[in-house]
Amino acid sequence: MRVMISQLKEGCILSNDILSLTNTPIIPKKTVLTNEHIHVLQVFLVKDVQVESFLINGEPFTPTEQVEEIEVVEKENTIVEDYLKSVVEYKQLFKSWQAGALVEISKVRQIIIPLFKRILKLPKELFSLHRYTNREDYIYHHSVMLGLLSGYLGKKLKYSEGDCNHLAIAGLLSDCGMSKIDPKILLKNSSLTLAEYNNVKKHPLYSYRMIEKIPLIKDSVKLAVFQHHERVDGTGYVLGVTGEKLHPFSKIVAVADVYSAMTLERPYSNRQSPFRALEEIRRESFGKFDMKVVEALTNGVGNISIGTRIKLSNGQSGEIVFIDKSQPTRPLLKISESEFLDLKNYREIFIEEII
């Protein structure tokens with residue numbers, strides 16, 4: 001929808017680039033507006049902008065006045081809109097668990113499966129959803145993202161459609177036991193004490209107990225929920241078991257869990273770019289994660305090709321001209337007609353996003 005600048009509020013999401021006289025965006029599309037952004041638009045004398053019909057927290061954006069548009073076309077919800085809707089629905093479900101409600105698998109399926117099916121048709125969208133998260137609702141965003149990522153990795157590993165759906169459900173339910181943790185700990189915006197951390201480490205057991213006796217949930221899902229913080233080398237929790245005792249679903253959800261946590265805004269840390277998170281996972285994965293799963297994630301995040309335009313962590317933009325398959329997140333870039341940058345030689349610079 002198109003609205004006057006005076007109608008904007010924090011949390012609005014731009015639908016289109018706001019261009020300057022040089023055709024360089026003042027503010028790029030998909031930006032979640034802050035008061036500072038709105039002030040910049042006022043300084044540049046921008047009269048009106050195109051924004052989404054929903055806010056970053058998933059609530060509808062209903063300005064008191066809109067700019068009249070010549071043609072209004074009914075369109076399908078965007079994946080972002082459906083994603084934020086699923087986050088809001090999961091939040092409601094989580095709060096009901098905090099109040100003592102039982103897990104209803106039908107509601108769980110309604111939240112994750114339709115969205116997961118949409119993601120499979122447009123998988124690149126999965127790796128840009130992290131832009132729409134916020135600190136306050138981290139645990140809800142994380143659970144939905146974990147469901148989508150787990151199912152997606154199952155697809156990359158050539159699991160059946162049914163198994164991929166079960167992986168998506170396992171991912172979504174992995175942190176349901178967090179509803180049994182003191183809310184003050186969940187919302188804490190600083191490092192946890194040892195006692196608090198040990199309390200949080202019990203959540204896989206709580207999650208398992210919440211779904212243990214539900215006959216409609218497969219044992220593979222229950223094991224994935226219980227084991228998603230275990231590691232192949234036995235350094236994980238709750239039981240510290242090693243690789244041969246871990247269900248394959250558990251190994252998939254474990255990788256998805258770490259990637260999701262690193263790329264989302266958390267109460268106590270800023271999000272990292274997908275490429276930086278992937279590099280850290282690859283560096284730390286030896287002995288801890290199933291390498292087949294890590295490679296599946298690499299192929300998904302690194303699904304970039306020659307000619308792709310990217311933005312770097314130092315603010316520069318460029319075009320990919322060569323990709324070394326052994327280091328897909330470190331391509332050779334063309335910055336300008338006469339300047340090239342080989343990311344393999346600049347470890348402090350990361351691909352921030354694809355543009």
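The values are calculated or read from the model by the stated rules, or taken from the named source; none is laboratory data. Quantities reported herein were computed from a predicted structural model and do not represent experimental measurements. Ideal geometry is used to build each Cβ from the backbone, glycine not excepted, and the neighbour counts take in all protein chains shown.
Listed values, structure above:
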read-out: Extreme residue, farthest from LEU126 (Cα to Cα), among residues of segment 299-355 that are in a strand (DSSP E or B) and within 22 Å of the chain's Cα centre (by Cα); value: LEU312
read-out: Odd one out for VAL103, checked against (1) modelled with pLDDT under 90; (2) of a type outside the set (D, E, K, R); (3) in contact with a helix residue (DSSP H, G or I) (Cβ under 6 Å, 6 or more places away or on another chain); (4) not in a helix (DSSP H, G or I); value: (1)
read-out: Residue in segment 204-222 that is without any contact (Cβ under 8 Å) to a residue 60 or more places away in the chain, among the hydrophobic types (A, V, I, L, M, F, W, C) and crowded, with 22+ Cβ neighbours inside 10 Å present; value: yes
read-out: Breaking point among (1) more than 20 Å from the chain's Cα centre (by Cα); (2) buried (at least 19 other Cβ atoms within 10 Å of the Cβ); (3) of a type outside the set (D, E, K, R), for TYR152; value: (1)
read-out: Extreme residue, farthest from the chain's Cα centre (by Cα), among residues of segment 8-63 that are over 22 Å from LEU84 (Cα atoms), touching a residue at least 24 places away in the same chain (Cβ under 8 Å) and part of a strand (DSSP E or B); value: ASP48
read-out: Condition met for PHE289 (aromatic (Phe, Trp, Tyr) and surrounded by fewer than 21 Cβ atoms within 10 Å (Cβ to Cβ)); value: no
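Every residue, every condition in (1) at pLDDT 85 or above; (2) of a type in the set (A, V, I, L, M, F, W, C); (3) touching a Gly at 6+ places or on another chain (Cβ under 7 Å), yes or no:
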{"site": "GLU244", "(1), (2), (3)": "yes, no, no"}
{"site": "ILE252", "(1), (2), (3)": "yes, yes, yes"}
{"site": "PRO267", "(1), (2), (3)": "no, no, no"}
{"site": "GLY302", "(1), (2), (3)": "no, no, no"}
{"site": "SER305", "(1), (2), (3)": "no, no, no"}
{"site": "SER313", "(1), (2), (3)": "yes, no, no"}
